[in-house]
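Inspection log for the structure reproduced underneath, given as C-alpha coordinates.
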2 protein chains.
Amino acid sequence: MKKLLLLSNSSIPSEPYFNWGKPFVKDFLGEKKVKVLFIPYAGVSISFDEYTKTVSDVFSTIGHEIVGIHEFKNPQQAIENCDALAIGGGNTFRLFQQLHELNLIDSINQRINSGMPYMGWSAGSNTVCPFLFTTNDMPIVQPKSFIGLGQLPFQLNVHYTNASIAGHGGETRDMRLAEFQLLHPNINLIGLRECSLIEVRGDKYFLKGRGNTMKLFRNDKNHKEIEEGEFNPEDWG
Amino acid sequence: MKKLLLLSNSSIPSEPYFNWGKPFVKDFLGEKKVKVLFIPYAGVSISFDEYTKTVSDVFSTIGHEIVGIHEFKNPQQAIENCDALAIGGGNTFRLFQQLHELNLIDSINQRINSGMPYMGWSAGSNTVCPFLFTTNDMPIVQPKSFIGLGQLPFQLNVHYTNASIAGHGGETRDMRLAEFQLLHPNINLIGLRECSLIEVRGDKYFLKGRGNTMKLFRNDKNHKEIEEGEFNPEDWG
(Lines give C-alpha, C1' and ligand atoms only; values in the text may rest on other atoms or scores of the structure.)
Protein backbone atom coordinates (compact mmCIF):
# COMPACT_ATOMS: atom_id res chain seq x y z
CA MET A 1 0.00 0.00 0.00
CA LYS A 2 1.33 3.40 -1.04
CA LYS A 3 2.20 5.57 1.99
CA LEU A 4 3.04 9.23 1.48
CA LEU A 5 3.25 12.14 3.92
CA LEU A 6 3.66 15.42 2.05
CA LEU A 7 4.17 18.55 4.12
CA SER A 8 3.89 22.02 2.63
CA ASN A 9 6.67 23.37 4.85
CA SER A 10 9.00 22.45 7.69
CA SER A 11 9.33 25.82 9.40
CA ILE A 12 7.24 28.79 10.27
CA PRO A 13 8.60 31.92 11.87
CA SER A 14 8.41 31.93 15.71
CA GLU A 15 8.27 28.15 16.12
CA PRO A 16 11.10 25.61 16.42
CA TYR A 17 12.14 23.75 13.28
CA PHE A 18 9.62 21.10 12.23
CA ASN A 19 7.43 21.84 15.24
CA TRP A 20 4.07 21.78 13.51
CA GLY A 21 4.79 18.64 11.48
CA LYS A 22 6.26 16.46 14.22
CA PRO A 23 3.03 14.94 15.58
CA PHE A 24 1.98 13.96 12.04
CA VAL A 25 5.32 12.30 11.31
CA LYS A 26 5.00 10.46 14.62
CA ASP A 27 1.56 9.13 13.68
CA PHE A 28 2.74 8.27 10.18
CA LEU A 29 5.78 6.25 11.24
CA GLY A 30 4.10 4.57 14.22
CA GLU A 31 5.39 3.35 17.57
CA LYS A 32 8.18 1.04 16.42
CA LYS A 33 11.52 2.72 15.82
CA VAL A 34 12.11 3.28 12.08
CA LYS A 35 15.46 4.00 10.47
CA VAL A 36 14.67 6.66 7.88
CA LEU A 37 16.95 7.34 4.92
CA PHE A 38 17.20 11.11 4.46
CA ILE A 39 17.94 12.87 1.15
CA PRO A 40 19.41 16.34 1.86
CA TYR A 41 20.10 17.16 -1.83
CA ALA A 42 17.79 20.21 -1.84
CA GLY A 43 20.01 21.89 0.74
CA VAL A 44 22.28 24.54 -0.74
CA SER A 45 23.30 26.89 2.04
CA ILE A 46 23.61 24.04 4.54
CA SER A 47 25.98 21.07 4.28
CA PHE A 48 24.49 17.58 3.88
CA ASP A 49 25.94 16.67 7.28
CA GLU A 50 24.46 19.66 9.06
CA TYR A 51 21.10 19.21 7.36
CA THR A 52 20.97 15.54 8.28
CA LYS A 53 21.91 16.36 11.87
CA THR A 54 19.14 18.97 12.13
CA VAL A 55 16.52 16.52 10.87
CA SER A 56 17.95 13.73 12.98
CA ASP A 57 17.57 15.87 16.10
CA VAL A 58 13.86 16.27 15.35
CA PHE A 59 13.17 12.64 14.48
CA SER A 60 15.03 11.33 17.52
CA THR A 61 12.59 13.19 19.81
CA ILE A 62 9.79 11.04 18.36
CA GLY A 63 11.78 7.83 18.58
CA HIS A 64 13.07 7.45 15.03
CA GLU A 65 16.49 7.40 13.44
CA ILE A 66 17.76 9.41 10.48
CA VAL A 67 20.67 8.43 8.25
CA GLY A 68 21.88 10.61 5.37
CA ILE A 69 22.03 9.16 1.86
CA HIS A 70 25.34 10.99 1.27
CA GLU A 71 26.95 8.64 3.80
CA PHE A 72 26.45 5.70 1.42
CA LYS A 73 28.78 4.89 -1.45
CA ASN A 74 25.88 3.78 -3.61
CA PRO A 75 22.81 5.98 -3.15
CA GLN A 76 20.66 3.79 -5.40
CA GLN A 77 21.39 0.78 -3.21
CA ALA A 78 20.68 2.82 -0.08
CA ILE A 79 17.21 3.49 -1.46
CA GLU A 80 16.68 -0.16 -2.34
CA ASN A 81 17.45 -1.14 1.25
CA CYS A 82 15.87 1.59 3.37
CA ASP A 83 12.85 1.16 5.66
CA ALA A 84 11.46 4.62 4.97
CA LEU A 85 12.57 7.64 2.95
CA ALA A 86 12.41 11.37 3.66
CA ILE A 87 13.31 14.16 1.23
CA GLY A 88 13.86 17.55 2.81
CA GLY A 89 13.12 21.05 1.55
CA GLY A 90 15.48 23.52 -0.05
CA ASN A 91 15.92 24.22 -3.73
CA THR A 92 13.76 22.00 -5.96
CA PHE A 93 15.97 22.53 -9.04
CA ARG A 94 19.06 21.45 -7.16
CA LEU A 95 17.17 18.43 -5.81
CA PHE A 96 15.83 17.37 -9.22
CA GLN A 97 19.26 17.87 -10.78
CA GLN A 98 20.75 15.36 -8.38
CA LEU A 99 17.86 12.87 -8.39
CA HIS A 100 18.04 12.69 -12.19
CA GLU A 101 21.84 12.65 -12.38
CA LEU A 102 22.08 9.81 -9.88
CA ASN A 103 19.19 7.96 -11.56
CA LEU A 104 17.20 7.74 -8.35
CA ILE A 105 13.71 8.47 -9.70
CA ASP A 106 12.92 4.90 -10.75
CA SER A 107 14.42 3.40 -7.59
CA ILE A 108 12.34 5.63 -5.35
CA ASN A 109 9.19 4.92 -7.34
CA GLN A 110 9.72 1.17 -7.11
CA ARG A 111 10.06 1.38 -3.34
CA ILE A 112 7.01 3.64 -2.95
CA ASN A 113 4.98 1.31 -5.17
CA SER A 114 5.90 -1.62 -2.95
CA GLY A 115 4.78 0.17 0.22
CA MET A 116 7.85 1.91 1.62
CA PRO A 117 6.74 5.01 3.60
CA TYR A 118 7.80 8.27 1.93
CA MET A 119 7.93 11.66 3.63
CA GLY A 120 8.65 14.97 1.98
CA TRP A 121 8.43 18.62 2.86
CA SER A 122 8.51 21.60 0.54
CA ALA A 123 10.90 20.56 -2.29
CA GLY A 124 10.47 16.97 -1.07
CA SER A 125 6.73 17.27 -1.63
CA ASN A 126 7.23 18.77 -5.09
CA THR A 127 9.24 15.65 -5.91
CA VAL A 128 6.22 13.30 -5.89
CA CYS A 129 4.25 15.53 -8.30
CA PRO A 130 4.11 14.74 -12.01
CA PHE A 131 6.43 17.68 -12.80
CA LEU A 132 8.59 20.37 -11.24
CA PHE A 133 6.40 23.03 -12.89
CA THR A 134 4.78 24.53 -9.76
CA THR A 135 7.73 25.01 -7.43
CA ASN A 136 8.30 28.48 -5.99
CA ASP A 137 12.07 28.08 -6.07
CA MET A 138 14.67 29.95 -8.07
CA PRO A 139 16.13 27.95 -11.00
CA ILE A 140 19.72 28.22 -9.79
CA VAL A 141 20.77 25.09 -11.71
CA GLN A 142 19.34 23.29 -14.74
CA PRO A 143 18.12 19.76 -14.01
CA LYS A 144 18.20 17.26 -16.88
CA SER A 145 14.44 16.94 -16.60
CA PHE A 146 11.45 18.58 -14.93
CA ILE A 147 9.77 15.18 -14.55
CA GLY A 148 8.95 14.17 -10.98
CA LEU A 149 8.04 10.89 -9.34
CA GLY A 150 4.44 11.19 -10.53
CA GLN A 151 3.14 9.55 -7.36
CA LEU A 152 0.46 12.20 -6.97
CA PRO A 153 -2.13 12.51 -9.75
CA PHE A 154 -1.98 16.32 -9.41
CA GLN A 155 0.50 19.17 -8.96
CA LEU A 156 1.14 20.79 -5.60
CA ASN A 157 2.05 24.38 -5.00
CA VAL A 158 3.60 24.25 -1.54
CA HIS A 159 3.88 27.27 0.81
CA TYR A 160 0.71 28.38 -0.95
CA THR A 161 -0.41 31.92 -0.27
CA ASN A 162 -1.77 34.66 -2.45
CA ALA A 163 -0.46 37.41 -0.22
CA SER A 164 1.81 39.82 -2.06
CA ILE A 165 4.26 42.59 -1.27
CA ALA A 166 2.60 46.03 -1.31
CA GLY A 167 3.62 48.33 -4.17
CA HIS A 168 5.58 45.59 -5.96
CA GLY A 169 5.04 45.03 -9.70
CA GLY A 170 5.78 41.28 -9.72
CA GLU A 171 3.11 38.62 -10.26
CA THR A 172 1.05 37.27 -7.37
CA ARG A 173 1.13 33.52 -6.70
CA ASP A 174 -2.33 33.13 -8.21
CA MET A 175 -1.22 34.88 -11.40
CA ARG A 176 1.74 32.49 -11.68
CA LEU A 177 -0.45 29.45 -11.09
CA ALA A 178 -3.06 30.69 -13.56
CA GLU A 179 -0.30 30.76 -16.19
CA PHE A 180 0.62 27.18 -15.34
CA GLN A 181 -3.02 26.20 -15.79
CA LEU A 182 -3.31 27.93 -19.14
CA LEU A 183 -0.43 25.86 -20.52
CA HIS A 184 -1.46 22.62 -18.75
CA PRO A 185 -5.26 22.63 -18.55
CA ASN A 186 -5.40 18.87 -17.98
CA ILE A 187 -3.24 18.74 -14.84
CA ASN A 188 -5.09 19.35 -11.58
CA LEU A 189 -3.43 21.83 -9.24
CA ILE A 190 -3.62 22.18 -5.46
CA GLY A 191 -2.42 25.16 -3.41
CA LEU A 192 -1.19 23.61 -0.14
CA ARG A 193 -0.98 26.23 2.59
CA GLU A 194 1.73 26.27 5.25
CA CYS A 195 1.09 23.96 8.21
CA SER A 196 -0.90 21.63 5.94
CA LEU A 197 -0.01 18.23 4.57
CA ILE A 198 -1.44 15.58 2.30
CA GLU A 199 -1.31 11.98 3.45
CA VAL A 200 -1.80 9.19 0.93
CA ARG A 201 -2.64 5.65 2.06
CA GLY A 202 -3.18 3.41 -0.94
CA ASP A 203 -5.96 5.06 -2.90
CA LYS A 204 -7.11 7.21 0.01
CA TYR A 205 -6.14 10.88 0.33
CA PHE A 206 -6.31 13.07 3.43
CA LEU A 207 -5.69 16.75 4.08
CA LYS A 208 -4.31 17.26 7.57
CA GLY A 209 -2.67 20.05 9.53
CA ARG A 210 -3.63 23.02 11.62
CA GLY A 211 -7.08 23.56 10.17
CA ASN A 212 -6.36 25.28 6.87
CA THR A 213 -8.28 24.42 3.73
CA MET A 214 -6.40 23.68 0.52
CA LYS A 215 -7.24 25.34 -2.78
CA LEU A 216 -8.19 23.39 -5.89
CA PHE A 217 -7.51 25.57 -8.91
CA ARG A 218 -10.10 25.30 -11.65
CA ASN A 219 -9.54 26.22 -15.28
CA ASP A 220 -12.74 28.28 -15.19
CA LYS A 221 -11.32 30.16 -12.14
CA ASN A 222 -14.15 28.79 -10.04
CA HIS A 223 -11.56 27.64 -7.48
CA LYS A 224 -12.65 25.41 -4.64
CA GLU A 225 -11.52 25.30 -1.01
CA ILE A 226 -11.24 21.75 0.31
CA GLU A 227 -11.62 21.13 4.05
CA GLU A 228 -9.37 18.92 6.16
CA GLY A 229 -10.21 15.22 6.11
CA GLU A 230 -10.51 12.65 3.34
CA PHE A 231 -10.79 13.77 -0.25
CA ASN A 232 -10.88 12.08 -3.63
CA PRO A 233 -8.96 13.56 -6.59
CA GLU A 234 -11.17 11.53 -8.95
CA ASP A 235 -14.05 13.82 -7.97
CA TRP A 236 -12.22 16.77 -9.48
CA GLY A 237 -12.73 15.66 -13.06
CA MET B 1 28.42 49.55 -31.03
CA LYS B 2 26.35 47.38 -28.70
CA LYS B 3 23.14 49.14 -27.58
CA LEU B 4 21.03 47.61 -24.83
CA LEU B 5 18.23 49.05 -22.69
CA LEU B 6 17.30 46.64 -19.91
CA LEU B 7 14.39 47.57 -17.70
CA SER B 8 13.67 45.78 -14.44
CA ASN B 9 9.90 46.08 -14.91
CA SER B 10 7.26 47.57 -17.17
CA SER B 11 4.51 48.25 -14.63
CA ILE B 12 4.14 49.45 -11.10
CA PRO B 13 0.83 49.58 -9.27
CA SER B 14 -0.99 52.93 -9.54
CA GLU B 15 0.73 54.07 -12.75
CA PRO B 16 -0.22 53.44 -16.38
CA TYR B 17 1.55 50.58 -18.20
CA PHE B 18 5.16 51.41 -19.08
CA ASN B 19 4.83 54.91 -17.64
CA TRP B 20 8.13 55.05 -15.81
CA GLY B 21 10.16 53.55 -18.68
CA LYS B 22 8.78 55.60 -21.56
CA PRO B 23 11.14 58.62 -21.35
CA PHE B 24 14.15 56.27 -21.29
CA VAL B 25 12.94 54.34 -24.34
CA LYS B 26 12.37 57.67 -26.09
CA ASP B 27 15.95 58.78 -25.38
CA PHE B 28 17.30 55.36 -26.36
CA LEU B 29 15.57 55.18 -29.74
CA GLY B 30 16.07 58.86 -30.61
CA GLU B 31 14.03 61.34 -32.62
CA LYS B 32 13.74 59.45 -35.94
CA LYS B 33 10.85 57.00 -36.15
CA VAL B 34 12.07 53.43 -35.59
CA LYS B 35 10.14 50.29 -36.52
CA VAL B 36 10.73 47.96 -33.59
CA LEU B 37 10.28 44.19 -33.86
CA PHE B 38 8.52 42.97 -30.72
CA ILE B 39 8.83 39.45 -29.26
CA PRO B 40 5.75 38.69 -27.11
CA TYR B 41 6.71 35.04 -26.38
CA ALA B 42 6.90 35.59 -22.61
CA GLY B 43 3.19 36.41 -22.57
CA VAL B 44 1.05 33.55 -21.29
CA SER B 45 -2.23 35.00 -20.08
CA ILE B 46 -2.35 37.53 -22.93
CA SER B 47 -2.46 36.72 -26.65
CA PHE B 48 0.49 37.75 -28.82
CA ASP B 49 -1.83 40.13 -30.71
CA GLU B 50 -3.14 41.79 -27.55
CA TYR B 51 0.35 42.05 -26.06
CA THR B 52 1.76 43.59 -29.23
CA LYS B 53 -1.14 46.06 -29.39
CA THR B 54 -0.57 47.11 -25.76
CA VAL B 55 3.12 47.77 -26.38
CA SER B 56 2.40 49.42 -29.71
CA ASP B 57 0.03 51.87 -28.00
CA VAL B 58 2.87 52.94 -25.69
CA PHE B 59 5.57 53.20 -28.35
CA SER B 60 3.32 55.15 -30.72
CA THR B 61 3.01 57.95 -28.12
CA ILE B 62 6.78 58.45 -28.39
CA GLY B 63 6.81 58.32 -32.18
CA HIS B 64 7.87 54.71 -32.79
CA GLU B 65 6.26 51.71 -34.43
CA ILE B 66 5.89 48.17 -33.07
CA VAL B 67 5.40 45.04 -35.16
CA GLY B 68 4.95 41.60 -33.61
CA ILE B 69 7.33 38.78 -34.60
CA HIS B 70 4.38 36.36 -34.65
CA GLU B 71 3.08 38.17 -37.73
CA PHE B 72 6.07 36.93 -39.76
CA LYS B 73 6.25 33.49 -41.38
CA ASN B 74 9.96 33.25 -40.62
CA PRO B 75 10.85 34.72 -37.20
CA GLN B 76 14.58 34.24 -37.77
CA GLN B 77 14.39 36.32 -40.93
CA ALA B 78 12.32 38.96 -39.13
CA ILE B 79 15.19 39.33 -36.65
CA GLU B 80 17.77 39.51 -39.42
CA ASN B 81 15.87 42.39 -41.00
CA CYS B 82 14.61 44.47 -38.08
CA ASP B 83 15.81 47.96 -37.14
CA ALA B 84 15.47 47.39 -33.40
CA LEU B 85 14.26 44.57 -31.18
CA ALA B 86 12.20 44.55 -27.97
CA ILE B 87 11.46 41.51 -25.81
CA GLY B 88 8.62 41.97 -23.35
CA GLY B 89 8.09 40.59 -19.86
CA GLY B 90 6.04 37.62 -18.77
CA ASN B 91 7.26 34.12 -18.02
CA THR B 92 11.01 33.68 -18.62
CA PHE B 93 10.75 29.87 -18.97
CA ARG B 94 8.09 30.19 -21.67
CA LEU B 95 10.21 32.82 -23.41
CA PHE B 96 13.42 30.75 -23.31
CA GLN B 97 11.51 27.66 -24.47
CA GLN B 98 10.44 29.47 -27.61
CA LEU B 99 13.71 31.31 -28.26
CA HIS B 100 15.60 28.01 -28.12
CA GLU B 101 13.00 26.01 -30.08
CA LEU B 102 12.93 28.58 -32.88
CA ASN B 103 16.75 28.90 -32.83
CA LEU B 104 16.64 32.64 -32.33
CA ILE B 105 19.46 33.02 -29.80
CA ASP B 106 22.29 33.19 -32.34
CA SER B 107 20.33 35.43 -34.70
CA ILE B 108 19.60 37.95 -31.95
CA ASN B 109 23.19 37.89 -30.76
CA GLN B 110 24.51 38.53 -34.27
CA ARG B 111 22.24 41.56 -34.63
CA ILE B 112 23.14 42.95 -31.19
CA ASN B 113 26.84 42.47 -31.93
CA SER B 114 26.48 44.46 -35.12
CA GLY B 115 24.82 47.39 -33.34
CA MET B 116 21.07 46.78 -33.54
CA PRO B 117 19.36 48.43 -30.53
CA TYR B 118 17.87 45.88 -28.10
CA MET B 119 15.28 46.64 -25.45
CA GLY B 120 14.02 44.25 -22.82
CA TRP B 121 11.96 44.44 -19.69
CA SER B 122 11.64 41.85 -16.93
CA ALA B 123 11.87 38.46 -18.76
CA GLY B 124 13.28 40.39 -21.74
CA SER B 125 16.10 41.66 -19.53
CA ASN B 126 16.77 38.18 -18.14
CA THR B 127 17.25 37.10 -21.76
CA VAL B 128 20.54 39.00 -22.23
CA CYS B 129 22.09 37.47 -19.08
CA PRO B 130 24.47 34.50 -19.31
CA PHE B 131 21.79 32.15 -17.90
CA LEU B 132 18.15 31.95 -16.85
CA PHE B 133 19.26 31.09 -13.29
CA THR B 134 18.12 34.27 -11.51
CA THR B 135 14.60 34.76 -12.83
CA ASN B 136 11.78 35.07 -10.28
CA ASP B 137 9.33 33.25 -12.54
CA MET B 138 7.59 29.94 -12.05
CA PRO B 139 9.02 27.10 -14.23
CA ILE B 140 5.69 26.35 -15.92
CA VAL B 141 7.43 24.79 -18.94
CA GLN B 142 10.85 23.22 -19.46
CA PRO B 143 13.06 25.08 -21.94
CA LYS B 144 15.66 23.05 -23.85
CA SER B 145 18.35 25.17 -22.24
CA PHE B 146 18.84 27.75 -19.47
CA ILE B 147 21.49 29.51 -21.57
CA GLY B 148 20.75 33.15 -22.37
CA LEU B 149 22.16 35.62 -24.89
CA GLY B 150 25.18 36.28 -22.67
CA GLN B 151 25.31 39.92 -23.73
CA LEU B 152 25.74 41.06 -20.14
CA PRO B 153 28.85 39.88 -18.27
CA PHE B 154 26.71 39.37 -15.12
CA GLN B 155 23.34 38.01 -13.98
CA LEU B 156 20.40 40.29 -13.26
CA ASN B 157 17.73 39.69 -10.70
CA VAL B 158 14.93 41.93 -11.95
CA HIS B 159 12.08 43.25 -9.76
CA TYR B 160 14.69 43.05 -7.03
CA THR B 161 13.44 43.51 -3.49
CA ASN B 162 14.20 41.80 -0.23
CA ALA B 163 10.78 42.59 1.23
CA SER B 164 8.92 39.47 2.31
CA ILE B 165 5.44 38.45 3.34
CA ALA B 166 4.98 38.58 7.12
CA GLY B 167 4.63 35.21 8.85
CA HIS B 168 5.44 33.24 5.70
CA GLY B 169 7.98 30.41 5.86
CA GLY B 170 9.28 30.73 2.27
CA GLU B 171 12.75 32.04 1.42
CA THR B 172 13.42 35.77 1.05
CA ARG B 173 14.83 36.97 -2.27
CA ASP B 174 18.26 37.44 -0.70
CA MET B 175 18.24 33.84 0.57
CA ARG B 176 17.43 32.61 -2.96
CA LEU B 177 20.15 34.75 -4.50
CA ALA B 178 22.67 33.66 -1.87
CA GLU B 179 21.99 30.07 -2.94
CA PHE B 180 22.64 31.01 -6.57
CA GLN B 181 25.93 32.58 -5.51
CA LEU B 182 27.01 29.52 -3.55
CA LEU B 183 26.65 27.34 -6.65
CA HIS B 184 28.06 29.95 -9.07
CA PRO B 185 30.66 31.96 -7.16
CA ASN B 186 32.28 33.22 -10.36
CA ILE B 187 29.22 34.89 -11.87
CA ASN B 188 28.58 38.45 -10.74
CA LEU B 189 25.01 39.18 -9.70
CA ILE B 190 23.06 42.45 -9.67
CA GLY B 191 19.71 43.07 -7.95
CA LEU B 192 17.94 45.56 -10.22
CA ARG B 193 15.13 47.32 -8.35
CA GLU B 194 11.84 48.27 -9.95
CA CYS B 195 11.90 51.55 -11.90
CA SER B 196 15.59 50.99 -12.65
CA LEU B 197 17.28 50.04 -15.90
CA ILE B 198 20.73 49.28 -17.21
CA GLU B 199 21.81 50.88 -20.45
CA VAL B 200 24.78 49.49 -22.35
CA ARG B 201 26.52 51.51 -25.06
CA GLY B 202 29.52 49.66 -26.41
CA ASP B 203 31.69 49.01 -23.38
CA LYS B 204 29.98 51.64 -21.24
CA TYR B 205 27.36 50.74 -18.64
CA PHE B 206 24.85 53.06 -16.99
CA LEU B 207 22.31 52.63 -14.22
CA LYS B 208 19.29 54.86 -14.82
CA GLY B 209 15.78 55.22 -13.47
CA ARG B 210 13.99 56.91 -10.65
CA GLY B 211 16.94 57.23 -8.30
CA ASN B 212 17.25 53.74 -6.84
CA THR B 213 20.63 52.15 -6.30
CA MET B 214 21.27 48.62 -7.57
CA LYS B 215 22.74 45.90 -5.40
CA LEU B 216 25.95 44.05 -6.27
CA PHE B 217 25.97 40.72 -4.45
CA ARG B 218 29.33 39.70 -3.09
CA ASN B 219 30.33 36.14 -2.22
CA ASP B 220 31.57 37.39 1.15
CA LYS B 221 28.10 38.95 1.74
CA ASN B 222 29.72 42.38 1.79
CA HIS B 223 27.12 43.53 -0.75
CA LYS B 224 27.52 46.92 -2.40
CA GLU B 225 24.91 49.48 -3.43
CA ILE B 226 25.77 51.14 -6.75
CA GLU B 227 24.43 54.65 -7.44
CA GLU B 228 22.83 55.78 -10.69
CA GLY B 229 25.25 56.85 -13.43
CA GLU B 230 28.10 55.11 -15.20
CA PHE B 231 29.59 51.94 -13.74
CA ASN B 232 32.19 49.42 -14.81
CA PRO B 233 31.60 45.69 -14.22
CA GLU B 234 35.34 45.12 -14.59
CA ASP B 235 35.81 46.93 -11.28
CA TRP B 236 33.84 44.19 -9.53
CA GLY B 237 36.58 41.60 -9.88
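The values are calculated or read from the model by the stated rules, or taken from the named source; none is laboratory data. For clarity, every value in this text was computed on a predicted model and none was experimentally measured. With ideal geometry, Cβ positions are generated from the backbone for all residues, glycine too; neighbour counts draw on all protein chains shown.
Taking the residues in segment A:87-107 that are surrounded by 24 or more Cβ atoms within 10 Å (Cβ to Cβ) and among the aliphatic types (A, V, I, L, M) as candidates, determine which candidate is nearest to the other protein chains (Cβ to nearest Cβ).
First pass over segment A:87-107, keeping only residues surrounded by 24 or more Cβ atoms within 10 Å (Cβ to Cβ): A:87-93, A:95-96, A:99.
Next, from what is left, pick out any that are among the aliphatic types (A, V, I, L, M): A:87, A:95, A:99.
Working: A:Ile87: 17, A:Leu95: 12, A:Leu99: 15 Å.
Only one residue tops the list, namely A:Leu95.
Do we have any residue at all in segment B:210-226 that's surrounded by fewer than 21 Cβ atoms within 10 Å (Cβ to Cβ), among the charged types (D, E, K, R) and within 20 Å of B:Gly150 (Cβ to Cβ)? Looking through segment B:210-226, none of the residues is surrounded by fewer than 21 Cβ atoms within 10 Å (Cβ to Cβ), among the charged types (D, E, K, R) and within 20 Å of B:Gly150 (Cβ to Cβ). For segment B:25-55, a residue qualifies if it is away from every other protein chain (no Cβ under 14 Å), modelled with pLDDT of 95 or more and surrounded by fewer than 17 Cβ atoms within 10 Å (Cβ to Cβ), and the qualifying residues are B:Lys26, B:Asp27, B:Gly30, B:Lys32, B:Lys33, B:Lys35, B:Asp49, B:Lys53. Remark: pairs (first residue in segment B:2-20, within 16 Å of B:Val36 (Cα to Cα) and basic (Lys, Arg); second residue part of a loop (DSSP other than H, G, I, E, B) and modelled with pLDDT of 95 or more; Cβ separation under 7 Å; 6+ apart in sequence or on different chains) = B:Lys3/B:Gly115; B:Lys3/B:Pro117.
Considering only residues in segment A:174-190 that are touching a residue at least 24 places away in the same chain (Cβ under 8 Å) and within 10 Å of another protein chain (Cβ to nearest Cβ), the one that is farthest from B:Leu192 (Cα to Cα) turns out to be A:His184. Considering segment A:182-209 alone, what residues qualify as being buried (at least 16 other Cβ atoms within 10 Å of the Cβ) and part of a loop (DSSP other than H, G, I, E, B)? Once the filter is applied, which keeps residues that are buried (at least 16 other Cβ atoms within 10 Å of the Cβ) and part of a loop (DSSP other than H, G, I, E, B), segment A:182-209 yields A:His184, A:Ile187, A:Asn188, A:Glu194, A:Cys195. Considering only residues in segment A:112-131 that are surrounded by fewer than 24 Cβ atoms within 10 Å (Cβ to Cβ) and either out of contact with any strand residue (DSSP E or B) (no Cβ under 7 Å at 6 or more places or on another chain) or aromatic (Phe, Trp, Tyr) (or both), the one that is farthest from the other protein chains (Cβ to nearest Cβ) turns out to be A:Ser114.
When you go through B:Ser107, B:Ser145 one by one, which is the residue that is assigned to a helix (DSSP H, G or I) and among the hydroxyl-bearing types (Ser, Thr, Tyr)? Before the answer, list the steps.
Details: B:Ser145 fails: assigned to a helix (DSSP H, G or I).
So the residue among B:Ser107, B:Ser145 that is assigned to a helix (DSSP H, G or I) and among the hydroxyl-bearing types (Ser, Thr, Tyr) is B:Ser107.
In segment B:156-172, the count of residues that are surrounded by 21 or more Cβ atoms within 10 Å (Cβ to Cβ), modelled with pLDDT of 95 or more, out of contact with any strand residue (DSSP E or B) (no Cβ under 9 Å at 6 or more places or on another chain) and among the polar types (S, T, N, Q) is zero. Might you check whether a residue that is over 19 Å from B:Ser122 (Cβ atoms), facing chain A (nearest Cβ under 7 Å) and assigned to a loop (DSSP other than H, G, I, E, B) occurs anywhere in segment B:159-167? Taking every residue of segment B:159-167 in turn, at least one turns out to be over 19 Å from B:Ser122 (Cβ atoms), facing chain A (nearest Cβ under 7 Å) and assigned to a loop (DSSP other than H, G, I, E, B). Against the numbered list (1) under 22 Å from B:Thr135 (Cα atoms); (2) of a type in the set (Ser, Thr, Tyr); (3) more than 10 Å from chain B (Cβ to nearest Cβ); (4) in contact with a Pro (Cβ under 7 Å, 6 or more places away or on another chain), A:Tyr205 comes up short only at (1).
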